[in-house]
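> Before we start, here is the structure in question, set down as structure tokens.
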Amino acid sequence: MPQQQSTSDRRTFLRTTGAVSAAGLVGLAGCSGGSDGGDGGSGDDGSDGSDGSDGGGSDGGGGGSDGGDGEIEDELRVFQWGDYWPDGFVSGFEEEYDVSVSVSLYSSNEEMFNALNAGGTGQYDLIFPSDYMVNVLNEQDMIQSLNLDALSNFGNLSEMFEEAPYDPGEERYSVPYQWGTSGIAYNEEMVGDIEVTSWETMWNEEFGGQMSMLDDVRETMGAALKYLGYSLNTTEESEIEEAKELLIEQKDLLATYDSSNFPTNLINEQLSPLHAWSGGAFQAYWETFEDGSSPINYVIPEEGGVVWVDTAAITAEAQNVNAAHAFIDHFLDAEVGAEITNYTYYGSPNEAAEEYILDDVLNNESIYPDDETMSNLEYIENIGQATTLYSNAWQEIKSA
């Protein structure tokens with residue numbers, strides 16, 4: 001994402017936003033998964049102007065659940081979504097722990113998985129997969145279990161995130177970083193004063209040629225499935241087929257599939273309405289915020305949508321396991337966790353951080369949806385062999 005505005009500007013924005021409609025969140029957003037996929041945080045990505053790592057590491061062993069409690073190594077190789085941290089966050093960690101951090105970026109979970117699969121997990125120490133990808137990586141033996149004894153701040157997490165459905169079992173393979181939602185964002189300057197309550201908006205011929213959907217198979221198939229009244233994790237071939245046909249029908253109405261540039265397209269009045277992660281919609285809101293208002297709106301459709309969690313995980317062949325644990329424990333600190341959320345305006349899984357999170361953030365239902373809205377949201381789950389059905393459907397949609 002582009003450079004964020006000052007904290008004071010964003011505080012002003014939060015004080016002046018309106019209430020949440022029955023359909024979902026109208027008037028602002030908060031959101032993960034990276035700015036390009038699960039919508040990640042904003043700010044310093046720690047790369048010091050470069051998005052490349054220092055090269056692939058050797059394939060030596062990592063340390064598994066016994067790692068993390070030894071001497072902290074002097075380097076850490078991170079693979080993450082773009083624009084993920086507040087300004088100076090990574091450099092602050094480097095100074096405090098005397099660790100040199102190199103950062104490489106990806107724009108989707110699938111891109112990250114393919115890179116690890118092709119080049120080996122030893123290329124990186126710490127990765128940030130979204131919820132469903134944790135399960136996939138674990139099944140493929142691409143990440144290692146965490147040493148919770150080395151994470152003194154793990155207990156800061158709320159119970160909802162301590163018992164993560166995407167990371168079941170006695171051992172933990174991931175730690176939640178931030179969370180958010182996906183829905184519909186629109187610019188009033190392009191669409192007028194419309195009432196958006198349903199995914200039906202994204203099939204409205206009135207907006208033909210000016211709409212976009214996320215370039216993400218599970219998100220976009222999920223939107224169609226929710227519109228049809230199905231679970232976005234269905235494994236029923238007939239339901240997947242129905243969603244595929246619905247998206248093929250929609251394709252002539254779209255300008256593009258896009259997970260990276262939708263905030264800019266909203267800001268510059270290039271595309272609207274569009275399928276969006278909450279964080280990107282929020283970015284567009286404050287970029288256009290002036291004189292107490294913005295033309296950007298964000299809605300979770302009444303049929304529901306995706307709630308996502310971006311997590312931190314240590315690769316199976318990580319060379320710097322102790323440094324990776326130290327980095328995780330650092331962002332789990334209550335005050336540090338609050339600093340992240342106060343900057344990104346994403347939901348924080350860190351219950352202990354709430355004491356330090358701005359009231360304007362903590363009490364905003366666009367960032368922390370109410371129970372009724374949450375009940376209509378689903379995590380994207382690993383759907384096993386049905387993944388092939390989704391992949392094949394997505395190829396047909398893209399080539400239609």
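The values are calculated or read from the model by the stated rules, or taken from the named source; none is laboratory data. Bear in mind that the values here come from a model prediction, so they are computed numbers and not experimental data. When we count neighbours, we look across all protein chains shown, and the Cβ atoms used for this are built from the backbone with ideal geometry, even at glycine. For the accessible areas, the whole protein counts, side chains as well, though only heavy atoms, and no ligand, DNA or RNA atoms are used. Shrake-Rupley method; radii C 1.70, N 1.55, O 1.52, S 1.80 Å.
> In the list G122, G169, which residue meets the criterion of being over 26 Å from D215 (Cα atoms), at pLDDT below 95 and either part of a helix (DSSP H, G or I) or open to solvent by 20 Å² or more (accessible area, probe 1.4 Å) (or both)?
G169
> Which one of these does V196 not meet: (1) touching a Phe, Trp or Tyr at 6+ places or on another chain (Cβ under 7 Å); (2) part of a loop (DSSP other than H, G, I, E, B); (3) under 18 Å from N109 (Cβ atoms)?
With respect to (1) touching a Phe, Trp or Tyr at 6+ places or on another chain (Cβ under 7 Å); (2) part of a loop (DSSP other than H, G, I, E, B); (3) under 18 Å from N109 (Cβ atoms), V196 is out only on (3).
> Please state which of the following conditions S182 fails to meet, knowing it meets all the rest: (1) over 30 Å from G67 (Cβ atoms); (2) at pLDDT 95 or above.
The one condition S182 does not meet is (2).
> Okay, next question. Residues being open to solvent by 10 Å² or more (accessible area, probe 1.4 Å) and either assigned to a strand (DSSP E or B) or aliphatic (A, V, I, L, M) (or both): count how many of those fall in the range 309-324.
Counting residues in the range 309-324 that are open to solvent by 10 Å² or more (accessible area, probe 1.4 Å) and either assigned to a strand (DSSP E or B) or aliphatic (A, V, I, L, M) (or both) gives 1.
> For the subset of the range 151-166 comprising residues that are more than 14 Å from W179 (Cβ to Cβ) and part of a loop (DSSP other than H, G, I, E, B), which member is nearest to the chain's Cα centre (by Cα)?
This residue is E163.
> State whether one or more residues within the range 241-264 are in contact with a helix residue (DSSP H, G or I) (Cβ under 7 Å, 6 or more places away or on another chain), over 22 Å from E195 (Cβ atoms) and among the polar types (S, T, N, Q).
no
> Okay, next question. Do we have any residue at all in the range 235-248 that's over 18 Å from S212 (Cβ atoms) and assigned to a loop (DSSP other than H, G, I, E, B)?
yes
> Here is a follow-up. Scan the range 91-115 for residues that are farther than 23 Å from T220 by Cβ and surrounded by 24 or more Cβ atoms within 10 Å (Cβ to Cβ) and jot them down.
If the condition is that a residue be farther than 23 Å from T220 by Cβ and surrounded by 24 or more Cβ atoms within 10 Å (Cβ to Cβ), then V103 is the only one that fits.
> Now for a separate question. Just one of (1) outside any loop (DSSP other than H, G, I, E, B); (2) open to solvent by less than 20 Å² (accessible area, probe 1.4 Å); (3) more than 22 Å from V307 (Cα to Cα) trips up A185, so point out which.
Of (1) outside any loop (DSSP other than H, G, I, E, B); (2) open to solvent by less than 20 Å² (accessible area, probe 1.4 Å); (3) more than 22 Å from V307 (Cα to Cα), only one is false for A185: (3).
> Next question, about the same structure. Of the residues in the range 129-154, how many are touching a helix residue (DSSP H, G or I) at 6+ places or on another chain (Cβ under 8 Å) and within 21 Å of G347 (Cβ to Cβ)?
Number of matching residues: 7.
> Please determine whether any residue of the range 143-151 is farther than 22 Å from T388 by Cα, loosely packed, with under 15 Cβ neighbours inside 10 Å, at pLDDT 95 or above and among the small types (G, A, S).
No, the range 143-151 contains no residue that is farther than 22 Å from T388 by Cα, loosely packed, with under 15 Cβ neighbours inside 10 Å, at pLDDT 95 or above and among the small types (G, A, S).
> Considering every residue within the range 325-345, establish whether at least one is crowded, with 22+ Cβ neighbours inside 10 Å, at pLDDT 95 or above and in contact with a Pro (Cβ under 6 Å, 6 or more places away or on another chain).
Within the range 325-345, not a single residue is crowded, with 22+ Cβ neighbours inside 10 Å, at pLDDT 95 or above and in contact with a Pro (Cβ under 6 Å, 6 or more places away or on another chain).
> For the range 236-278, which residues satisfy the criterion of being β-branched (V, I, T) and either within 23 Å of Q385 (Cα to Cα) or surrounded by fewer than 18 Cβ atoms within 10 Å (Cβ to Cβ) (or both)?
I240, I248, T256, T264, listed by residue number.
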